[in-house]
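Notes to accompany the following structure.
The values are calculated or read from the model by the stated rules, or taken from the named source; none is laboratory data. Because the structure is a prediction, the values reported are computed rather than measured. Please note: Cβ atoms are built from the backbone with ideal geometry, for glycine as well, and neighbour counts cover all protein chains shown. Just the protein is used for accessible areas: all its heavy atoms, side chains included, with ligands, DNA and RNA removed. Shrake-Rupley method; radii C 1.70, N 1.55, O 1.52, S 1.80 Å.
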Amino acid sequence: MGNSKSGAVSKEILEELKLNTKFSETEIVQWYENFKKQCPTGRITKEEFQNIYRKFFPDSDANTYAHHVFRSFDANDDGTLDFKEYIIALHMTATGKTTSKLEWAFSLFDVDKNGYITKSEVTEICTSIFKLIPKDEVEDLPEDENTPEKRANKLWKVFEKGDDDRVAEGEFVQGLLDNEDALRLIQYEPIK
């Protein structure tokens with residue numbers, strides 16, 4: 001399988017990414033070449049990651065949300081994303097299975113990384129999502145979710161928990177799988 005075209009992508013990382021993502025070897029190699037051009041050090045800092053998000057959401061404040069997304073993908077907590085973490089992040093957010101995306105969403109909402117989410121963490125993430133939504137789109141949201149607090153309350157009700165309770169990953173995933181409307185509450189999709 002001559003990997004001379006993969007440049008600095010190790011065979012081990014290439015094989016692992018082929019197994020764990022829907023990306024082909026060619027796609028992974030192309031991503032790697034672009035990654036190395038953009039990040040010659042082989043790592044993306046939180047600030048660089050936030051800059052990428054700002055390009056996707058030029059009319060919004062994407063920094064807080066990007067911070068939480070970055071935290072959820074910085075698997076080794078070193079303050080940077082290496083190529084593997086970056087590709088897994090792309091896969092999870094773009095092409096992953098619903099269950100995998102929900103497991104990732106749980107890690108996004110688990111701000112303190114203790115294995116549970118609380119209502120205050122849900123409110124924190126809903127607040128960061130709200131910063132992505134342009135003001136004119138906020139006006140079009142349903143009355144019961146037109147503020148971060150209302151959206152967090154609506155989402156928290158899905159889990160049938162008290163304000164001081166917490167939700168484990170399995171409960172989170174199943175609660176969202178069982179409630180399609182709740183899936184919409186954990187994200188922001190720009191109006192095309």
So which of Thr93, Thr147, Thr64 ends up being among the β-branched types (Val, Ile, Thr) and closer than 25 Å to Glu15 by Cβ?
Thr93
Between a first residue in segment 141-152 that is closer than 12 Å to Ile129 by Cα and a second residue that is of a type in the set (A, V, I, L, M), which pairs have beta carbons less than 6 Å apart while being 6 or more apart in sequence or on different chains?
Arg151/Leu185; Ala152/Val122
Per the filter on segment 76-121, residues among the aliphatic types (A, V, I, L, M) and free of Cβ contacts under 8 Å to residues at least 12 places away in the same chain are Ala94
Scanning segment 27-68 for residues that are touching a residue at least 12 places away in the same chain (Cβ under 8 Å) and either in contact with an Asp or Glu (Cβ under 7 Å, 6 or more places away or on another chain) or in a loop (DSSP other than H, G, I, E, B) (or both) gives Gly42, Arg43, Phe57, Asp59, Ser60, Asp61, Ala62
Considering only segment 106-164, state which residues are open to solvent by 30 Å² or more (accessible area, probe 1.4 Å), closer than 20 Å to Asn179 by Cα and part of a helix (DSSP H, G or I).
Ser107, Lys119, Thr123, Glu143, Asp144, Glu149, Lys150, Asn153, Lys154, Lys157, Val158
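This table checks each residue for (1) open to solvent by 70 Å² or more (accessible area, probe 1.4 Å); (2) of a type outside the set (Gly, Ala, Ser); (3) over 22 Å from Phe106 (Cα atoms); (4) touching a Lys or Arg at 6+ places or on another chain (Cβ under 6 Å).
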residue: Phe23; (1), (2), (3), (4): no, yes, yes, no
residue: Ile28; (1), (2), (3), (4): no, yes, yes, no
residue: Tyr32; (1), (2), (3), (4): no, yes, yes, no
residue: Gly42; (1), (2), (3), (4): no, no, yes, no
residue: Thr45; (1), (2), (3), (4): no, yes, yes, no
residue: Arg54; (1), (2), (3), (4): yes, yes, yes, no
residue: Phe73; (1), (2), (3), (4): no, yes, no, no
residue: Gly79; (1), (2), (3), (4): no, no, no, no
residue: Ile87; (1), (2), (3), (4): no, yes, no, no
